[in-house]
Structure formats: structure tokens, C-alpha cells
Amino acid sequence: MKRLQARQLSYRIGDRVILDNVSLDIAAGDNIALLGANGAGKSTLMRLLLGLQTPHSGEVLIDGQPIRSMKRRAVARQVAYVPQSHVPSFPFSVAHIVGQGRLPTVGLGHAPSCDEITSVQQALTELGILHLSDRPYTELSGGERQRVLIARAMVQRANTIILDEPVTGLDYGHQLRLLALLKRLAAEGISILSSTHRPEHALASANRVLVLHEGRLIADGAPHDVVDSALMARLYQVAVEQIDTDGHRFFIPC
Amino acid sequence: MSPSKLYSPLLLSLLALIMTTVCALSLGRYQISIHEFSTFIATMVGLSDMPAQRYDLLHSLIIESRLPRVIAAVLVGAGLSVSGAAYQGVFRNPLVSPGLLGVLSGCAFGAALGIIGHLPPLAVALVACVTGLIAVAVGLGIAHMFESPSILLLVLGGIVANALFTSLLSIAQYMADPVDQLPSIVYWLLGSLSAVDVQALWIIGPTLAMAILLLCLTGRAIDALSLSDDEALSLGVPVEKIRGGLIVLTTLICALTVSLAGMVGWIGLLIPHLARLLVGPGNTRLLPLSACLGGIFLLAADGVARSVSAGEIPLGIITELFGAIAFVLVLHRVRKGWL
């Protein structure tokens, strides 16, 4: 079933074309890696899919309904967003930040309920950060902050999660654990779309790759069908040697 | 955390506010003992008896003379504090104070116009309130000249409005009669509760109290706005509508406080930080606690203003002096997380 659809999306800033006629479908259980060089339009595409910006032409549909006709809370119940981690101005506790994931369901007028507290604890436990519950978010490392934001998206209970470069700034261990988590969420039926600058991550964990180049969607398919040395050269202007062994693919700079 | 732990700072501060109010009603040039005060209250509600002459004296002193001033102090202190806490959350900046968008300079200009025009105190208060609202409208109008105004544009609009109305105030001061009107304007700008007009309090007080209560209930919305706009929107929060509503409500509160007591500085910056030390940054508890602490602080400051010298010291001088010292003392604690 198609949960999220983009139909011929175009977006410009002045005369500069950021996205040009991009169409895609995201189905239940998709674990999609969005690849593209800096400035390819990845962030803009994600913002359009979240309804944070309005396209100059085309439309985004959630479960077949145009996003522009939906209320913000209705969109938030369907699609969650994990931004790149940043430090807020006030030292809110981790539990407080994660608890905000319940806002689309309970609204702004309600005090935290038992259900909210329970779902926060479940998400923190699942991500192995329950011990951070009362710590100020501002005092966490980048990897811990990223996991807190993912816990908030899980509490939001949306069936699609869009992540903006989730592994940026994480150490090797945290990167692998995060990719495994995304794989597991997709296996549970949640649709994942995450932008990345690491093609090897797309090969290792995604079941589908979208490639943006100069605002156009130039490839959409299984990772091993899409990500190869020719794509590396086209996207990043680098020559790499491609090695395929035991079903795995590696790239070595020439 | 258990509910008793969550809400005990609020209950304690409410208790402290009641006790400070009783002290403020009892203390002054004519001191009233706690025993006599409680007997007077009991007599008022029919539970006790006291000589009629004594009762009339205490009634005149407590109810007619001190009570309006005490109510005004609590409302102004609570209003400025809760506005400061809300602005800091809405603008994601712990150094923001309620005058950010130009409301205070607008009010000051309006009051100066009222004084030059020989208007009665109630009219001066109302003109000050209206020009405060106009100043913020000018700032917001400048920000909205651009598509989808960001926080930065709102702040820039506020800076322009502040500069515009400060210069208009200077023109008004330049044109004022230096013997009669200019000292009145300067005294008004220093802030004071000595001339709280009972009629103005009856008109402004209930609206101010309702607005403060309403703002105290918006904690979750301000928590959500403390995130980035994209995060708040992706959590289903209509950012622009809520930010706009909060700015209107906060501006109204500030304008009403200034129209009652003139310019009383530092409370809106200091008290939210003190409250954050006690209950953390969550606005659900921060806003009501800021309101209580603000009321206590201004009652205490007003007590100092009217009792340390033969003549009354303008309230703004006391709040700025003690506020600045207190802010330095708590700086090493409050900077945690934002410096």
C-alpha cells in the first residue's frame, strides 16, 4: 500500500531549480536511503514530503489525501521527522523531549498522561537510553541526542519516519546500531526514508535507494541495482573501484 | 516524579505569596501587628469583634489605602515575570525580556503624551496601553512585510519599533514643560505604585488577572515553540498561529502592567531564571511559578521603596538595583545549558 506519494514535485528559489518534476511512492515497510551530493535537493524533498514547504507545482499525498488539505496534527500522526541533532536553548530533560512525540495525538491542551509516560519509557528502553531519562538533553553527546530524537519519532507512532542524515556525527558503533534499528522498524511495517552521504550504508541496510542529482530523481530501485561505481562518479565526481564479493559491494578510491 | 514533588514548588510559592501579601498589608509607616491584622480580618467576616473606631481606622488603612497598591504589585510582578518567561520560550532565547517587540517604549510614549495633554491618571494609563499595542503592531507589521516572518525578522521589527517609539518619547520629553510636565514624565518612566489609581485598577486589574491566568495555561504550547519551527510543525503544532496568539496575549499583559505602574525593569528577565532553577525549563510549571515569584519580588521591592527613606523611592530603581545584583548571583547557575 502506498503511504506517501510525491506527484511531479517542482520547487524553485528565484530562478534556481531545486527540484524538478520528482515523483515517488513510499510503501509500508520500505527502508529507503536517499542519496545525492550536497545541494542535490534532498533536504527540500524531505521538507516537501513533510508539508513544511509548499511545492511550486505537483503535490504530496498521504494515504491518497493531498497533504495541503490536511491539518498539521493529522499529518504529524502519519509522518514523523527526525532532524539533524541540535542543541536547544533550554536544558529540557530527555523524557520531556521524547514526550513531545505525543503532541500530535493528545494536543497542546493536555497534561502528560500515564499513557504518555509509559510510551516514553518504552521508547527509551527500546533505544537503550532509559538511564538518560532525567538528564538534560543539552548535556548529551551527538549520538545520544540522535537516539533521543528517534525515540520521540517512535513515541509519535507515525507509520512513516523521515530522517535527515541520521548517522552524521555518530561514531562507527552508533552508526551500525542506528542502521540496524531502522532496518528493524521497517521490518515491523514502518516506512523509513533517510538521507545519507554514505552509499555503503544504503547498500548495507536499505531495501531501496532513491538518487537525486541536480534536482532530478535519476534512480529508484534496489541498492545493488542502483549504487555502483558509475553512480559514484556521476554524483560525487570521484573515481572508485567497485568490488563485489559474497553478495557485498565495496568501493575503494582509485 | 510523583505529583507532590512536581507541584510542591508551586504550592510553596503560592503560600509564600499569600504570606508576603499579608506582610505588605500589615507593614508600612503605620505598623499593624499580625494579631491585630487577623482580628480585623475575622471582624470583617463576622467571626470576631473589635471597637468600631479602631475597625474604621484599620479598614481605611488596609482596605482603602494599602490593598489597591498590594493588588497592583502582585499583578504587575506576576504579569511581567510570566511575560518574560513566555517570551524567552517563544523566541528561544534566555536573554529576552518583555520589551523585545517595543511594547514598553510604546507605552512610555503614550504616557508622555497623556501627561503633556493633562489627561487624568486613568486616561494616561489607557493611552499608554494603546500606544504599547500600536508599537508592537508596528514591529510585527515590519516583520510581515517579508514572506513568512522568522524569529529573526520579528526581533528586527521589534528593534525598529523600539527605536521609533523611543525617539518619539524623546521628542515628547523635549516638547514637555520642563517645570511641570517633564518631572512627571521622568517619574513615570522610573516606575511606581504610589499613584495607583483605584479606578484604573478596577478597570485594568480583572483583564490583567485573566490574561495572566490564560498565559499560565499555555506551557505545553511554549514548550513546543522552544523547538525549531520545523520540529514543532512536524509535531502538529501550528507554529505561526500559536506564536502570534502568544505575542498578542503577552503584549496585552505588558501594556496593562506598564499602564498601572510605569516602567519596572529587570523582573521579566530575572524571575524566569530563578523559577527555572527551582522547577527546570518545562513551561507548564515555569509559568505559574514565575507569576508567583514575580508577585513576591515586586511586593518586597515595593516594601523597600516605601520604607527605606522619608520620601518614596521610585520602584524601577529598586527592581533594577536588586534585579541586577540577584541576576549576577544566580548567573553561574542559570548559564548552565545556554552559555
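The values are calculated or read from the model by the stated rules, or taken from the named source; none is laboratory data. This one's a predicted model, so the numbers in the text were calculated from it and none came from an experiment. Because the Cβ atoms are built from the backbone with ideal geometry, glycine has one as well, and the counts that use them run over all protein chains shown. These accessible areas exclude ligands, DNA and RNA; they are computed on the full protein's heavy atoms, side chains included. Shrake-Rupley method; radii C 1.70, N 1.55, O 1.52, S 1.80 Å.
Note on the range B:235-278: residues that are touching a helix residue (DSSP H, G or I) at 6+ places or on another chain (Cβ under 7 Å), more than 18 Å from B:G106 (Cα to Cα) and open to solvent by 20 Å² or more (accessible area, probe 1.4 Å) total 7. Checking the stated criteria, A:I150 turns out to be open to solvent by less than 20 Å² (accessible area, probe 1.4 Å) and either small (G, A, S) or within 14 Å of chain B (Cβ to nearest Cβ) (or both). Filter the range A:75-93 down to the residues that are within 16 Å of B:T284 (Cα to Cα) and open to solvent by less than 10 Å² (accessible area, probe 1.4 Å) and list them by number. Within the range A:75-93, A:F90, A:F92 meet the criteria.
For the subset of the range A:50-69 comprising residues that are in contact with a helix residue (DSSP H, G or I) (Cβ under 8 Å, 6 or more places away or on another chain) and of a type outside the set (V, I, T), which member is surrounded by the fewest Cβ atoms within 10 Å (Cβ to Cβ)? Let's see the steps before the verdict.
Initially, the range A:50-69 is screened for residues in contact with a helix residue (DSSP H, G or I) (Cβ under 8 Å, 6 or more places away or on another chain), giving A:50-55, A:59-63, A:67.
This time we only want the ones that are of a type outside the set (V, I, T), so: A:50-53, A:55, A:59, A:61, A:63.
Details: A:L50: 22, A:G51: 22, A:L52: 17, A:Q53: 17, A:P55: 23, A:E59: 16, A:L61: 18, A:D63: 13.
Step by step, filter the range A:50-69, then rank; the result is A:D63.
Residues of the range A:11-40 that are open to solvent by 10 Å² or more (accessible area, probe 1.4 Å), touching a Gly at 6+ places or on another chain (Cβ under 6 Å), farther than 19 Å from A:A222 by Cα and not β-branched (V, I, T): A:D20 alone.
Only residues that are more than 21 Å from the chain's Cα centre (by Cα) and β-branched (V, I, T): list them for the range A:207-254, please. Give the derivation first.
Filtering the range A:207-254 for residues more than 21 Å from the chain's Cα centre (by Cα) gives A:225, A:228-234, A:236-254.
If the condition is that a residue be more than 21 Å from the chain's Cα centre (by Cα) and β-branched (V, I, T), then A:V238, A:V240, A:I243, A:T245, A:I252 are the ones that fit.
Please list, ordered by residue number, the helices (runs of 4 or more DSSP H) wholly in the range B:173-269 having 2 or more residues that are within 14 Å of another protein chain (Cβ to nearest Cβ) and more than 24 Å from the chain's Cα centre (by Cα).
Values: elements: B:181-190, B:198-216, B:219-225, B:229-234, B:239-261.
Filter on the range B:173-269 gives B:229-234, B:239-261.
If the condition is being among the small types (G, A, S) and at pLDDT 90 or above, then the range B:176-210 contributes B:A176, B:G205, B:A209. Remark: pairs (first residue in the range B:12-33, closer than 16 Å to B:I63 by Cα; second residue of a type in the set (S, T, Y) and open to solvent by less than 80 Å² (accessible area, probe 1.4 Å); Cβ separation under 6 Å; 6+ apart in sequence or on different chains) = B:I32/B:S26.
Selection over the range B:28-56 of residues that are surrounded by 11 or more Cβ atoms within 10 Å (Cβ to Cβ), at pLDDT below 90 and among the β-branched types (V, I, T) gives a count of 1.
Looking across the range A:75-97, the residues that are more than 8 Å from every other protein chain (Cβ to nearest Cβ) and among the aliphatic types (A, V, I, L, M) come down to A:V82, A:V87, A:V94, A:A95, A:I97. Residue under question is B:Y7, and the condition is that it be assigned to a helix (DSSP H, G or I), in contact with a helix residue (DSSP H, G or I) (Cβ under 9 Å, 6 or more places away or on another chain) and open to solvent by 70 Å² or more (accessible area, probe 1.4 Å); does it hold? Yes: the conditions hold for B:Y7.
Only one of the numbered conditions (1) in contact with a helix residue (DSSP H, G or I) (Cβ under 9 Å, 6 or more places away or on another chain); (2) within 25 Å of A:M232 (Cα to Cα) is not met by A:E200, and that is (1).
Got a sec? Which of B:L119, B:L126 is touching a residue at least 12 places away in the same chain (Cβ under 8 Å) and of a type outside the set (V, I, T)? Outline the logic, then answer.
Numbers: B:L119 fails: touching a residue at least 12 places away in the same chain (Cβ under 8 Å).
Going through B:L119, B:L126 in turn, the sole match is B:L126.
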